[in-house]
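S.K.: Quick one: the structure is below, and I'll ask about it shortly.
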Amino acid sequence: IKVHSGEEGNQNFLRPLFWKPVVEFVGGTVTECNTAYKGARNTTEKHLQLFQKHGWSEHFAVDLLDAEGPDWEMEIPHGKKIQKNFVGKDLANYDSTLVLSHFKGHPMGGFGGALKQLSIGFASSFGKAYIHGAGVPEEIWTADHDSFLRSMADAASSIVDYFDGRIVYISVMANMSVDCDCCAVAEDPCIADIGVLASLDPVALDRACLDLVYASQDKGRDHLIERIESRNGALTVDAAEALGIGSTD
């Protein structure tokens, strides 16, 4: 079960007790990966401590997929920007996954949802830098922006291909800030909660979440839309559709 553990200091991430009913119903293992930037989650030691602090380890079996190297190097033969994806090697221990996503804005991707969980979420610390840098990890924060967005779609496709239909996606449109749960200092939510969506199609799911933001009558929607559009966030959805892993219809 893929979750976002929430950066230390972030006030918006969805807590373990929120997810507890669905995790217990499925009976799966909660998984995460280390980050590629400074904070409380960029090393295994610190991340496991945060899992304790945030209560994940208290309630669930937890597996930090890239706790120990080497990474699993997945091939993406059809990738448009990257042809490899580096994920935590423990991913090979699982034959199905439930992707639990918190839909919200994002400082770089414009928004975070199912496709971001599949790509950046499953990537190891090195893999995150590789995706951000569009194949050049040293350019993690300086790569061409649209190439980064397309690289996320490429990486997401490798996870979809690996599980081959054995994935379910749930996205929660609540606590929607323009900032991600990876931000230690994040803006408070700017738009009223909308609800919970589920799908077997990550492209359709992210597109539906975007459509619901645009359809909202809440006065805060424009702030969130500005974040999404200023980062060209919908490109990731369109690129993933072009790769054949889902449909915006």
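S.K.: Along each principal axis of its Cα atoms, how long is the range 143-249 end to end? Whole angstroms, biggest number first, please.
M.R.: Its Cα atoms span 39, 33, 27 Å along the three principal axes.
S.K.: Peptides 43-50, 224-231, 166-173, 211-218: what's the order by average Cβ count within 10 Å, highest mean first?
M.R.: Listed from highest to lowest mean packing, they are 166-173, 224-231, 43-50, 211-218.
S.K.: Between 115, 205, 235, which gets the highest mean-square fluctuation from a Gaussian network model of the chain, Cα cutoff 10 Å?
M.R.: Maximum among the listed residues: 235.
S.K.: Under the classification rounded if a/c is under 1.5, otherwise prolate if a/b is larger than b/c and oblate if not, where does the chain fall, given a ≥ b ≥ c as square roots of the Cα gyration tensor eigenvalues?
M.R.: On the way: a/c = 1.28, a/b = 1.06, b/c = 1.20.
In terms of gyration-tensor shape, rounded.
S.K.: Which entries of 38/81; 20/219; 89/116; 81/116; 38/80 show an alpha-carbon separation above 24 angstrom in the structure shown?
M.R.: 38/81; 20/219; 38/80
S.K.: What does DSSP give for the range 1-117 in terms of the percent of beta bridges that are antiparallel, rounded to the nearest 5?
M.R.: Working: 7 of 12 bridges.
So the antiparallel bridges in the range 1-117 amount to around 60 percent.
S.K.: Here is a further query. Please get the size of the charge dipole for the chain, origin at its Cα centre, with Cβ charges of +1 on Lys and Arg and -1 on Asp and Glu, quoted in debye to the nearest 20.
M.R.: Numbers: 21 positive and 36 negative charges, 53 e Å.
With only Lys, Arg, Asp and Glu charged at Cβ, the dipole is about 260 debye.
S.K.: Can you give the Rg to Rh ratio for the range 24-85, taking only C-alpha atoms and Rh from Kirkwood? Write down the numbers at each step before the final one.
M.R.: Working: Rg = 14.6 Å, Rh = 13.5 Å.
Rounded to two decimals, Rg/Rh equals 1.08.
S.K.: Report ³J(HN,Hα) in whole Hz for each residue of the range 182-191, in order, from the Karplus equation J = 6.51 cos²θ - 1.76 cosθ + 1.60 where θ = phi - 60°; Gly and Pro get x.
M.R.: With the stated coefficients, the range 182-191 comes to 7, 8, 5, 10, 10, 5, 5, x, 10, 9 Hz.
S.K.: Now a separate question. Quick one: what are the phi-derived ³J(HN,Hα) couplings along the range 87-103, Karplus 6.51/-1.76/1.60 with θ = phi - 60°, whole Hz, x for glycine and proline?
M.R.: Coupling constants for the range 87-103: 10, x, 4, 5, 4, 5, 7, 10, 10, 7, 8, 10, 9, 9, 10, 9, 6 Hz.
S.K.: Show that you can apply the helix-only estimate: for the chain, add -39,500 (n - 2.57) for every DSSP H stretch of four or more residues, divide by all residues, and state [θ] at 222 nm to the nearest 500.
M.R.: Numbers: 8 runs with 86 residues, N = 249.
Value at 222 nm, helices only: -10500 deg cm²/dmol.
S.K.: Skipping prolines and chain starts, which residues have an amide H placed within reach, meaning under 5 Å, of the one on residue 111, given they are 5 or more residues away or on another chain?
M.R.: 106
S.K.: Something else now. With springs only between Cα atoms under 10 Å, which of 84, 20, 128 fluctuates most in a Gaussian network model of the chain?
M.R.: So, out of 84, 20, 128, the one fluctuating most is 20.
S.K.: Apply the Karplus curve 6.51 cos²θ - 1.76 cosθ + 1.60, θ = phi - 60°, to the phi angles in the range 141-150 and return the couplings in whole Hz, x for Gly and Pro.
M.R.: 10, 10, 5, 3, 5, 5, 5, 4, 4, 5
S.K.: Using a Gaussian network model of the chain with C-alpha springs under 10 Å, which one of 83, 117, 52 is most mobile by mean-square fluctuation?
M.R.: So, out of 83, 117, 52, the one fluctuating most is 52.
S.K.: What is the distance in Å between the Cα centroid of the range 143-163 and that of the range 43-58?
M.R.: Cα centroid to Cα centroid, the span is 27 Å.
Values quoted throughout were computed directly from the atomic coordinates according to the rules given, and no laboratory measurement underlies them. Being a predicted model, the structure only gives us computed values, none of them experimental. Cβ sites come from the backbone with ideal geometry, for glycine too, and all protein chains shown count toward neighbours.
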